[in-house]
Amino acid sequence: MDDKSIANMAVLAGEIMLRSGAETYRVEDTIKHILDTAGTAETESLVMLTGIIVTIDRPGQEAVTVMRRVHERGTNMHRIVEVNEISRKYCAGELSAEETWEKLKRIKGKQYTVWMYNLSTILVPAGFAPLFGGGLREIFAAGGAGIVLAVLMTIGKRVKTGAFILNILCAAGIAVAAVLLKLWNPLLNMDTVIISGIMPLVPGVAITNAIRDTLRGDYISGGARALEAFVTAAAVAIGVGAGMALTTVFWRGGGL
């Protein structure tokens, strides 16, 4: 495999990890190990939250540079583990370059179907409700809020709504659903339902990775992740406030 193919393979591995929520230093380490299989060439990699740049430079030859822009990011620890395993086997000589390339391309595709994602989105709020002191009625109510969240997220992704606006709409939908359920059942703890419902939107992994990147000296990615987490949290807060304002919480009758 030539230098450009190795660079493309390293960037693909890094892109999958970065889109799956891996720390910047972990992505750079994986890319560096793959690039070092090029032999005596000098290799460099630069990973930021929104992009990857790798270079392979051989004496007497023109340097090979590959850059990849990363637009979407989420959390998928399984993909990170898979890429780590594949890269280790490739660097150890257990996999050929062609086999590694094919395995990485398969990982990049969708791992779960839409209905499985939606089912998880419904079960996560229901599972968090007992942790916040909710009873059986809060569990079912949180599951109902999860249904609203799943519908809004599915529609938002299909129409390609921006992440900030989508988070606002999803949080507002959860708040409205919780207030309406509270009106239907006055004994329901509305706060527990709202908190449980927004848990899939909370940027917990982004905050953790921001701290880890910053402590390792990667201030650009650490700062970018911290800002991303803050913007996401602000969108969720705005959405919940807007949803409550539209109903009966802030004033009688509400905006609706």
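The C-alpha atoms of the chain define a longest principal axis, and helix 77-91 lies at about 10 degrees to it. Largest first, the extents of the alpha carbon coordinates of the chain on the three principal axes equal 77, 33, 31 Å. Where only DSSP H runs of four or more residues are counted, the chain gives -21000 deg cm²/dmol as its mean residue ellipticity at 222 nm, each run worth -39500 (n - 2.57). Between the alpha-carbon centres of the range 61-92 and the range 205-236 there is a gap of 20 Å. Given their separation in residues at 0.36 nm each and the Cα-Cα distance between them, residue 237 and residue 62 gain 57.9 nm when the chain is fully extended. Derived scalar couplings between HN and Hα for the range 140-149 equal 5, 5, 5, x, x, 5, x, 5, 4, 4 Hz in order, rounded to whole Hz, by the Karplus curve 6.51 cos²θ - 1.76 cosθ + 1.60 (θ = phi - 60°), x for Gly and Pro. In order along the range 13-18, phi translates into HN-Hα couplings of 4, x, 5, 4, 5, 5 Hz, rounded to whole numbers, per the Karplus curve 6.51 cos²θ - 1.76 cosθ + 1.60 with θ = phi - 60° and x for Gly and Pro.
As a quick test, which of the pairs 4/160; 32/103; 4/157; 89/157; 4/103 have an alpha carbon distance above 29 angstrom in this structure? Pairs exceeding the cut-off: 4/160; 4/157; 89/157. The H on the amide N of residue 246, modeled in the peptide plane, is under 5 Å from the matching H of 255, each at least 5 residues off or on a different chain.
Leaving ligands, DNA and RNA out of it, report the carbon-plus-sulfur percent of the accessible area of the range 164-205 at a 1.4 Å probe.
On the way: 1400 of 1840 Å².
Looking at the range 164-205 in its full context, I get 76 percent from C and S.
Here the peptides 62-68, 163-169 are ranked by packing, the mean other Cβ count within 10 Å, and the order with the highest first is 163-169, 62-68.
When each of the peptides 238-245, 9-16, 216-223 is scored by how many other beta carbons lie within 10 Å of its residues on average, the order from highest to lowest is 9-16, 238-245, 216-223. Computed packing ranks the peptides 117-130, 17-30 as 17-30, 117-130, most packed first, by mean other Cβ atoms within 10 Å.
The values are calculated or read from the model by the stated rules, or taken from the named source; none is laboratory data. Small disclaimer: the values here were computed from a predicted structure and weren't measured. As a convention, Cβ positions derive from the backbone with ideal geometry for all residues, glycine included, and neighbour counts pool all protein chains shown. In case anyone asks, the SASA skips ligands and DNA or RNA and just uses the protein heavy atoms, side chains included. Shrake-Rupley method; radii C 1.70, N 1.55, O 1.52, S 1.80 Å.
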